[in-house]
Amino acid sequence: MAFKKRFTPRKKFCRFCADKKLPLDYKRPDILRDFITERGKIIARRITGTCAKCQRKLTTEIKRSRQMALLYYTTVHATYVRKRTV
Ligand SMILES: [Zn+2]
């Protein structure tokens with residue numbers, strides 16, 4: 001099989017359910033950033049493994065965070081945001 005070794009299968013789990021102390025909050029762009037692509041897109045649940053409940057919350061928090069300018073909408077904004085937060 002040509003595709004066999006391309007991905008290492010890993011058990012997916014919801015990071016927010018696994019670690020109750022991990023805040024799902026718009027004030028934590030450092031955490032939210034793990035769930036968006038470099039281009040600012042929210043990563044699908046089937047890829048991150050986040051459960052439906054948390055994904056729903058996550059989406060709202062990411063959008064909220066964008067509006068507070070803690071996260072970026074596109075790569076054009078990314079440079080500004082990164083300079084300030086990282
Ligand atoms: Zn969850």
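The values are calculated or read from the model by the stated rules, or taken from the named source; none is laboratory data. Because the structure is a prediction, the values reported are computed rather than measured. Backbone-built Cβ (ideal geometry, glycine too); neighbour counts: all protein chains shown.
Side notes on the structure shown:
- Search result, residues across region 1-27 that are assigned to a loop (DSSP other than H, G, I, E, B), modelled with pLDDT of 85 or more and either within 16 Å of the ligand (Cβ to nearest atom) or in contact with a Phe, Trp or Tyr (Cβ under 7 Å, 6 or more places away or on another chain) (or both): F13, C14, D19, K20, K21, L22, P23, L24, D25
- Matching residues, region 38-52, being surrounded by fewer than 12 Cβ atoms within 10 Å (Cβ to Cβ) and either farther than 19 Å from Y73 by Cα or among the polar types (S, T, N, Q) (or both): R46, I47, A52
- Selection within region 28-46 - assigned to a helix (DSSP H, G or I) and more than 15 Å from the ligand (Cβ to nearest atom): P29, D30, R33
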